[in-house]
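Everything below concerns the one structure shown next.
The values are calculated or read from the model by the stated rules, or taken from the named source; none is laboratory data. What you are looking at is a predicted structure, and each value in this text was computed from that prediction instead of being measured. Here the Cβ positions follow ideal geometry from the backbone for every residue, glycine too, while neighbour counts run over all protein chains shown. These accessible areas exclude ligands, DNA and RNA; they are computed on the full protein's heavy atoms, side chains included. Shrake-Rupley method; radii C 1.70, N 1.55, O 1.52, S 1.80 Å.
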Amino acid sequence: MNEQVQSKNKLDFFKRFYNPKEMFYKRKYKWWQNTIFLILFAVIGTVGAYIYLANPNYYRKAITSSLTYYTDKTKDPEFQKSVASAEFEDGKLIYHGTKRIRKNQKFDLGINLTQKEMEKEKPRAGIVFNRKHIVLYARNAESKKYTLGRVDFPYSSNFNNKNSNLKKEIEKSWFAANTKAYLQSIWVTWIFGFIFRILLVWMIFILVLRSIITGVNKKEESMVNLFGFLSNATLIPILIMAIFSSFAFNSLTSIAVFVVALLVIVIITWVQTRFSDEPVKIKGKK
């Protein structure tokens, strides 16, 4: 008997997340409880984004596209010949020869160039194969003085400097060096991103709901209670958003899906409760 009561109590608790009336009636949480809900929903939203963004095909396509400006320049025959003349051993490129192979005045190609040597001709951008790292650099447009911003990453363990398709070798090295950090960054970026977005949506809804409750019910509703109502009402929309995001993630579209789903639930709750703790009287019934 006690087990049946406990089971019923558990079911009653979960009803607040899918039953519109229960969403509103059981809205009274403390601030810290609403905060936990907010973080939990952000994690659920991030799971959907992670499934999509961590897909190897998506990541490779995105990185390949972003590196194209640099990697396309490595088709230069003189640069390919110079790189191929080097030896690659134990993650190090051993080269003795001409350091700078200029593609044009805007872009430098080089091997074993120092920072000063990179800046000497004041190129707009460039790519350098150094002893242990590949270096991509570009002029800092925000600085009044000529300065270069750079990104360094090590060669992949199976880097092949004899390959005429250096574009492929650079991309392979980038993936080997940065994939782990990229996957970790998804969680940090989007958990905080969704906390901000969900909180912003909640605040807009709360302002509208308080206005409706004050105007229709002539009653002041506390902010914390309305946060509690939205905490209950958000589970289904955030799950819908997470499922959608796992197939086609876009921050604006995903939040739009979340807002529409939440709006539908809020409207249904209004129809069933009129945002009042008193039972709604249906015309024609006593």
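If you check Thr74, Thr35, Thr98, which single one turns out to be hydroxyl-bearing (Ser, Thr, Tyr) and without any contact (Cβ under 8 Å) to a residue 12 or more places away in the chain? Break it down into steps so the answer makes sense when it comes.
Values: Thr74 fails: without any contact (Cβ under 8 Å) to a residue 12 or more places away in the chain; Thr98 fails: without any contact (Cβ under 8 Å) to a residue 12 or more places away in the chain.
Matching residue, one of Thr74, Thr35, Thr98: Thr35.
Cβ separations smaller than 7 Å between residues 6+ apart or across chains give the following pairs from segment 206-217 residues that are of a type in the set (Ser, Thr, Tyr) to residues that are at pLDDT below 90: Thr214/Glu220.
Among the listed residues Lys73, Lys103, Lys81, which satisfies the condition of being under 39 Å from the mean Cα position of the chain (by Cα), farther than 17 Å from His133 by Cβ and either at pLDDT below 90 or open to solvent by 70 Å² or more (accessible area, probe 1.4 Å) (or both)? Walk me through it before giving the result.
Details: Lys73 fails: either at pLDDT below 90 or open to solvent by 70 Å² or more (accessible area, probe 1.4 Å) (or both); Lys81 fails: under 39 Å from the mean Cα position of the chain (by Cα).
Exactly one residue qualifies, and that residue is Lys103.
The residues listed here are Ile255, Ile282, Ile191; of these, the one that is more than 19 Å from Tyr29 (Cα to Cα), modelled with pLDDT under 95 and of a type outside the set (S, T, N, Q) is Ile282. Can you spot a residue in segment 91-100 that is open to solvent by 30 Å² or more (accessible area, probe 1.4 Å), of a type in the set (Val, Ile, Thr) and under 30 Å from Leu235 (Cα atoms)? No, segment 91-100 contains no residue that is open to solvent by 30 Å² or more (accessible area, probe 1.4 Å), of a type in the set (Val, Ile, Thr) and under 30 Å from Leu235 (Cα atoms). Applying the condition of being in contact (Cβ under 8 Å) with a residue 24 or more places away in the chain and within 12 Å of Arg150 (Cβ to Cβ) to segment 107-124 and asking which residue is surrounded by the fewest Cβ atoms within 10 Å (Cβ to Cβ) yields Gln115. Restricting Ile186, Ile127, Ile198, Ile206 to residues that are β-branched (Val, Ile, Thr), touching a strand residue (DSSP E or B) at 6+ places or on another chain (Cβ under 8 Å) and open to solvent by less than 30 Å² (accessible area, probe 1.4 Å) narrows the list to Ile127. For segment 139-155, the set of residues classified as modelled with pLDDT under 95 and touching a Ser or Thr at 6+ places or on another chain (Cβ under 7 Å) consists of Asn140 only.
In segment 100-191, which strands (runs of 3 or more DSSP E) lie fully inside it and hold 1 or more residues that are out of contact with any Leu (no Cβ under 8 Å at 6 or more places or on another chain) and of a type in the set (Val, Ile, Thr)? Reasoning before the result, please.
Working: elements: 100-102, 107-111, 125-129, 133-139, 148-154.
Qualifying strands (runs of 3 or more DSSP E): 133-139.
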